[in-house]
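Data first, discussion second: the structure below is written as structure tokens.
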Amino acid sequence: MRNLNQDTITQAVLARFAGTPDPRLKEIMTCLVQHLHAFAREVKLTEAEWLQGIQFLTATGHKCDTQRQEFILLSDTLGLSMLTVAMNNEKPAGCTEATVFGPFFLEDAPHYEQGADVANGARGEPCVVRGTVKGLDGKPVADAVINVWQADADGNYDVQYAELAHPQARGILRSGPDGGFHFKTIRAEAYPIPSDGPVGDMLKATANHPWRPAHLHFMIEAPGYERLITQVFRDGDPYLDSDAVFGVRQSLVADWVELPDGSYSLDYDFVLNPVR
């Protein structure tokens, strides 16, 4: 493979990967090479621009740690995360829609009983969340594992605080025999995704804002049903139509109702898709 030029190099690279044993990996690598080379040709990519792109990706990796995943932010803001969610989570009518996972989930969130305060000291207006978990057939899903997490009134998740003594505004509960659940937390508020890294620089350079509409994260799992990863968004939020990560679905928009004492309540029911 000598004397390759811009017209012959793509086929040479494809030939190099032609013997990949794993069929799926071969398919992905083949398409990746084809599309990357086509992209470079289409935009007439210069060496300086490609070096700048490599430096951007390097900086993105350097910004990642156990509390922050800058590559997820990059995927989110490019719409790639939501595209993969949409492609892989087609559900029958009536099921709760899925949306992006986000970069701030923790595996070891604390466990709570029904009615507990998962805010655990997080700043924000008090809020009670109630709902049910049901199957597509309308039957209650008992003992479903409900993972919840959210940002505080300052727009930060607990993992963004360097010296926080314990997790806040996140927790794991289980649905009751009737599929019901309820817990205390704080009202969801709009917040900007972290913009002090490469992804923030990209948003500034492209004249885009980093804001996400107010939302509460849910991940719900139960035997016999597909795992649901979703968010419930606060109606009336000014960023519902310009979410920085393209995650809003109208069916996931709900009212946070203000109560006479100044606190809030959210009622939302989830419908899981049975495993086929």
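Points to keep in mind about this one:
- Only one entry of Val245, Val232, Val253 meets the criterion of being of a type in the set (Val, Ile, Thr) and out of contact with any strand residue (DSSP E or B) (no Cβ under 6 Å at 6 or more places or on another chain), and that entry is Val245.
- Scan of the stretch 48-70 for residues that are surrounded by fewer than 13 Cβ atoms within 10 Å (Cβ to Cβ) and either of a type in the set (D, E, K, R) or not in a helix (DSSP H, G or I) (or both), ordered by number: Glu49, Asp65, Thr66
- Residues of the stretch 12-31 classified as open to solvent by 60 Å² or more (accessible area, probe 1.4 Å) and either basic (Lys, Arg) or closer than 20 Å to Lys44 by Cβ (or both), total: 3
- Check on Ile220, part of a strand (DSSP E or B), open to solvent by 10 Å² or more (accessible area, probe 1.4 Å), of a type in the set (Val, Ile, Thr) and at pLDDT 95 or above: no
- Subset of the stretch 2-11 [surrounded by 10 or more Cβ atoms within 10 Å (Cβ to Cβ) and part of a loop (DSSP other than H, G, I, E, B)]: Leu4, Thr8
- Where strands (runs of 3 or more DSSP E) fall wholly inside the stretch 86-185, the ranges with 3 or more residues that are modelled with pLDDT of 95 or more and open to solvent by 40 Å² or more (accessible area, probe 1.4 Å) are 126-135.
- When Leu259 is tested against (1) more than 16 Å from Thr77 (Cβ to Cβ); (2) open to solvent by 70 Å² or more (accessible area, probe 1.4 Å), just one condition goes unmet, and that condition is (2).
- Close contacts from the stretch 1-25, counting a first residue that is of a type in the set (A, V, I, L, M, F, W, C) and a second that is in a loop (DSSP other than H, G, I, E, B) and surrounded by 11 or more Cβ atoms within 10 Å (Cβ to Cβ), with Cβ to Cβ under 8 Å and a gap of 6+ residues or different chains, come to Ala12/Leu4.
- The one condition in (1) closer than 30 Å to Leu272 by Cα; (2) modelled with pLDDT of 95 or more; (3) buried (at least 17 other Cβ atoms within 10 Å of the Cβ) that Leu78 fails to fulfil: (3)
- Looking at Leu25, Leu73, Leu45, just one residue is in a loop (DSSP other than H, G, I, E, B) and not β-branched (Val, Ile, Thr), and that residue is Leu45.
The values are calculated or read from the model by the stated rules, or taken from the named source; none is laboratory data. What you see is a predicted model; the values in this text were computed from it and never measured. Every residue, glycine among them, receives a Cβ derived from its backbone with ideal geometry; neighbour counts consider all protein chains shown. Keep in mind that these areas ignore ligands, DNA and RNA; they rest on the heavy atoms of the full protein, side chains included. Shrake-Rupley method; radii C 1.70, N 1.55, O 1.52, S 1.80 Å.
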